[in-house]
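Down below is the structure, laid out as structure tokens.
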Amino acid sequence: MERLTDEQLLDLESELSFRFFWEEANADPDSPGYGLIRDRAPGQPNMASIAAVGFGLTALAIGAERGWAAREEACERARGTLHTCLHHAAHRHGFFFHFLDMNTAQPYGGSEVSVIDTAICICGALTAGEYFGGQVRELAQAVYERVEWDWYRNPETNQFYMGYDDRKGEHFGTWDHYAEQFMMYFLGAASPTHPVPADMFDDFVRYVGYYGGHGPIIHSTGGALFVYQFSHAWFDFRNRKDKYGVDWFENSVRASRANRQFCIDHAGRSRTFGPLSWGLTACDGPRGYHGGYGADPNTTKKDYVDGTIPPCGAAGSIVFTPEESIAALRNYYENYPKLWGKYGFQDAYNLDESPEWYAEDVIGIDKGITLLMIENYRTGFVWRHFMNAAPAREGMDMCMGSQVCS
């Protein structure tokens, strides 16, 4: 592959990631699904992901700012997408289904009504609203204010349910420990229409662990790296602690370093793993999508699954571990040409398979966390615009307090 500077590599991967959100969207303004974005490409062409829509709305702002799309066209796409979300996309009490049909905006398959994916969509909507202003901001606010956060709260535990099965008409599961859900607390607490108590932030379990000399780390059950990244893609946790004294940005730094160390320590058991190939997180694998890829510390005490590494793992941690992340991305780009495709890095690779396995698809949320975190590393663009939105500022303060790191 062509030798690029670090800045050229980040720029190329970012622009091609943006192209996924621009080109893999429903671009027919007469369609009920206008603006919906595919969950993955080239696979499953009729399935949109509402989380991909959230990342994509943010991508439109990034693309317009960087000149990858004309501002007028990007603004119109954002406006049309939010019109679809408000008037056509299937929802229950303001919460979207995880997956939607690209063309009809109705539930795809047996998809659940998802609180976390709705929150991701709202974060993207508010970002686009702050950047483009005008009708885009008005539509974003309307989509946000329609969400009945209190409907998704279990009053007995003061926790959000994990999901809602529309066919059975009941909620299931619980968000009972640390994961990617901080955005849900902040957006819910700040809602002007259907708020939930800010002390929901106090009522999840904080498992604490160490790995490879890194810690203490408040960690998830499975150790997937995305849980330390997703809320951080929009909410700016830098230079602040919560009311318990926890620096959540530093927590993600430690988790990223531990994940890398885990891959170094297991390099003798997997040809994929090493100091330049790390970042265990949910992604495609040789036997399909797997949400259980993760590293220590975790509470399940399972070993790594099968030696699969996604570039989005290291890329999504670039704000936490810039040197280590850029070194990994350079390794992928320069040494594994089969990992590179139309939209930049493919979803994952595994050198332990015979023959070596490379993902055929890219996945919207993985290209999304890559694009947003690289942009935050380069310019702080997403943090700057999103944190201008009142729900972002007010929700964080209500839940965390306003303690500044000393």
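The values are calculated or read from the model by the stated rules, or taken from the named source; none is laboratory data. Predicted, not measured: the structure shown is a model, and the values here were computed from it. Backbone-built Cβ (ideal geometry, glycine too); neighbour counts: all protein chains shown. Quick note on the areas: whole protein, heavy atoms, side chains included, nothing else; ligands and nucleic acids left out. Shrake-Rupley method; radii C 1.70, N 1.55, O 1.52, S 1.80 Å.
Details
- Boolean, Gly313 is surrounded by 18 or more Cβ atoms within 10 Å (Cβ to Cβ) and out of contact with any Pro (no Cβ under 9 Å at 6 or more places or on another chain): yes
Let's see how each residue does on (1) free of Cβ contacts under 8 Å to residues at least 60 places away in the same chain; (2) over 25 Å from Ala27 (Cα atoms); (3) of a type outside the set (S, T, N, Q):
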residue: Pro107; (1), (2), (3): yes, no, yes
residue: Cys123; (1), (2), (3): no, no, yes
residue: Thr127; (1), (2), (3): no, no, no
residue: Gln135; (1), (2), (3): yes, no, no
residue: Asn154; (1), (2), (3): yes, yes, no
residue: Asn158; (1), (2), (3): yes, yes, no
residue: Lys168; (1), (2), (3): yes, yes, yes
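- Residues of the range 338-379 that turn out to be open to solvent by less than 20 Å² (accessible area, probe 1.4 Å) and free of Cβ contacts under 8 Å to residues at least 12 places away in the same chain, as a count: 0
- Test set (1) free of Cβ contacts under 8 Å to residues at least 40 places away in the same chain; (2) under 18 Å from the mean Cα position of the chain (by Cα) - Tyr244 fails condition number: (2)
- Set Thr104, Thr81: member being within 15 Å of Arg38 (Cβ to Cβ) and either modelled with pLDDT under 95 or touching a strand residue (DSSP E or B) at 6+ places or on another chain (Cβ under 9 Å) (or both): Thr81
- Leading residue by the ranking (farthest from Phe249 (Cα to Cα)) among those in the range 205-218 that are under 22 Å from the mean Cα position of the chain (by Cα) and open to solvent by 10 Å² or more (accessible area, probe 1.4 Å): Val205
- Any hit, the range 49-59, residues being over 20 Å from Ser231 (Cβ atoms) and either surrounded by fewer than 22 Cβ atoms within 10 Å (Cβ to Cβ) or touching a residue at least 40 places away in the same chain (Cβ under 8 Å) (or both): no
- Of the residues Glu76, Glu138, Glu145, the single one that is open to solvent by 10 Å² or more (accessible area, probe 1.4 Å), under 22 Å from the mean Cα position of the chain (by Cα) and not aromatic (Phe, Trp, Tyr) is Glu145.
- Qualifying residue in the range 271-284 (condition: among the hydrophobic types (A, V, I, L, M, F, W, C), within 19 Å of the chain's Cα centre (by Cα) and under 20 Å from Ala327 (Cα atoms)): yes
- Every pair of residues 6+ apart whose Cβ atoms lie under 8 Å, when the first sits in the range 181-207 and is on the phi > 0 side of the Ramachandran plot and charged (D, E, K, R) while the second is open to solvent by 10 Å² or more (accessible area, probe 1.4 Å) and not in a loop (DSSP other than H, G, I, E, B): none
- Selection within the range 14-58: residues that are in a helix (DSSP H, G or I) and among the acidic types (Asp, Glu). The member of this set that is nearest to Thr84 (Cα to Cα) is Glu23.
- Selected residue (only one of Gly268, Gly279 is of a type outside the set (Asp, Glu), closer than 27 Å to Tyr358 by Cβ and surrounded by 24 or more Cβ atoms within 10 Å (Cβ to Cβ)): Gly279
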